[in-house]
Amino acid sequence: MEIPKGKLFAIGGAEDKGVELEKEESVRSNLNFFELGILRRIVEEAGGPNIRIEVITTASMIPIEVGENYLNAFGKIGCTDIGLLSIRNRADASQKEYIERIRNCDAVMFSGGNQLRLTATFGGTEFLEIIHHRYREDKNFLIAGTSAGAMAMSQTMIYQGNATAAHLKGEVKLTTGLGFMGDVIFDSHFEKRGRFGRLAQAIATNPSAVGIGLGEDTGMLITKGNIMEAVGSGLVMIIDGHGIGHNNIADIPEGNPVSVENLMVHFCEKGNGYLLKERKFIPNIKEYKPAKVSENEKTMNAV
């Protein structure tokens with residue numbers, strides 16, 4: 001499988017920017033800005049404060065307020081070339097101006113809101129195809145997403161699921177996401193909203209995937225489609241279903257409790273890493289050195 005050259009940055013929501021954008025009722029509150037660690041890291045990974053970032057507020061019901069807050073937040077860390085793409089429908093997504101802007105920016109940032117708005121608006125469009133192409137081919141291109149924007153990054157996406165009933169079959173709803181990664185399922189606001197059960201059920205249904213539960217003001221930077229680094233002030237939880245033994249989810253009626261054996265769970269704080277293909281926890285990802293690939297292996301991987 002082709003190794004993407006770009007980077008993904010999935011954020012659990014409420015990243016430190018002075019307001020809690022994902023709780024849209026709080027967007028209008030006028031709080032002071034803080035250290036802005038995650039947004040600063042996004043800028044660094046994409047090439048520095050002179051980069052062009054396009055903020056996509058499609059998921060939000062209040063795109064103007066959300067966009068203005070991102071303009072202010074990125075401005076606090078020295079970025080001046082920020083664009084807002086308030087795309088509300090599929091017709092908007094096909095506008096030549098927006099397509100050209102997405103061809104020429106250095107990074108895109110999907111805001112929070114409702115992840116179904118993202119998939120319903122961008123699925124099958126030239127706009128999304130360009131983002132996919134740039135992620136695969138451009139080593140300097142970065143795709144960031146927070147809350148709904150993070151959850152939509154994977155091929156399989158959670159779009160609904162009440163945390164209190166997530167142990168019951170059918171309570172967790174899945175659909176197709178934007179498809180930047182095919183072997184993970186993201187969930188956001190993971191600790192604060194008690195979403196372990198719903199991500200666990202999603203993985204029980206799709207054991208080939210790895211669940212990534214993102215805490216608030218916390219993210220996972222992903223390079224080469226495989227090397228992950230936890231960033232921010234909170235927790236990232238990894239749920240690995242490859243070793244599942246007993247699993248009753250295919251055999252029980254809707255509404256019955258799910259029974260699953262041998263889920264593997266990792267807790268990642270800032271600086272911890274995880275190798276997706278190897279399914280391996282790395283205590284200090286900065287010290288990780290990939291094994292050298294022989295010429296024969298390179299040839300085999302290219303076939």
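Nothing in this text is a laboratory measurement; each read-out follows from the coordinates by a stated rule. Note that this is a predicted model, so its numbers are computed, not measured. Positions of Cβ are backbone-derived with ideal geometry, glycine not excepted, and every protein chain shown enters the neighbour counts.
Computed per residue of the chain from DSSP H runs no shorter than four, each worth -39500 (n - 2.57), the mean residue ellipticity at 222 nm is -7500 deg cm²/dmol. Note on the chain: dipole from Cβ charges, positive end direction compared against Ile3, Ile56, Asn262; the farthest Cα belongs to Ile3. Ranked by the mean number of other Cβ atoms within 10 Å of their residues, highest first, the peptides 59-67, 6-14 fall in the order 6-14, 59-67. Spacing of the modelled spin labels on Lys173 and Glu287, each 7 Å from Cα toward Cβ, amounts to 4.6 nm.
Rg/Rh, computed from the Cα trace of segment 7-302 with Rh as the Kirkwood radius, has the value 0.97.
Comparing Ala91, Ala165, Tyr135 along the charge dipole axis of the chain, the residue lying farthest to the positive side is Tyr135, per the Cβ-charge model. For the pair Thr125 and Arg193 in one chain, pulling the backbone fully straight at 0.36 nm per residue adds 21.2 nm over the alpha carbon distance. Over 26 Å between Cα atoms, which of Lys139/Lys192; Lys5/Lys192; Lys5/Lys76; Lys7/Lys289; Lys7/Lys286 qualify? Result: Lys139/Lys192; Lys5/Lys192; Lys5/Lys76 exceed 26 Å.
Cβ crowding within 10 Å, taken as a proxy for footprinting-reagent exposure, orders His167, His242 from fewest neighbours to most as His242, His167. Modelled spin labels at Ile252 and Ser208, positioned 7 Å past Cα toward Cβ, are 2.5 nm from each other.
You can think of it this way: the chain between Glu137 and Ser86 has 15.8 nm of extra reach, that is 0.36 nm per residue less the Cα-Cα gap. Net charge dipole, the chain: roughly 320 debye, given to the nearest 20, about the Cα centre with Cβ charges of +1 for Lys and Arg and -1 for Asp and Glu.
Which of the peptides 263-269, 220-226, 159-165 is most tightly packed, and how do the rest follow, going by the mean number of other Cβ atoms within 10 Å of each residue?
Values: 263-269: 16.0, 220-226: 20.7, 159-165: 14.3.
The packing order, highest mean first, is 220-226, 263-269, 159-165.
Please work out how much length the chain gains when fully extended from Ile99 to Asp183, using 0.36 nm per residue of separation minus the C-alpha to C-alpha distance, in nm with one decimal.
27.5 nm
In the chain, which helices (entire DSSP H runs) extend 24 Å or more along their own long axis, judged by Cα positions, while averaging at least 0.0 on the Kyte-Doolittle scale? Span-like helices, by this rule, are absent here.
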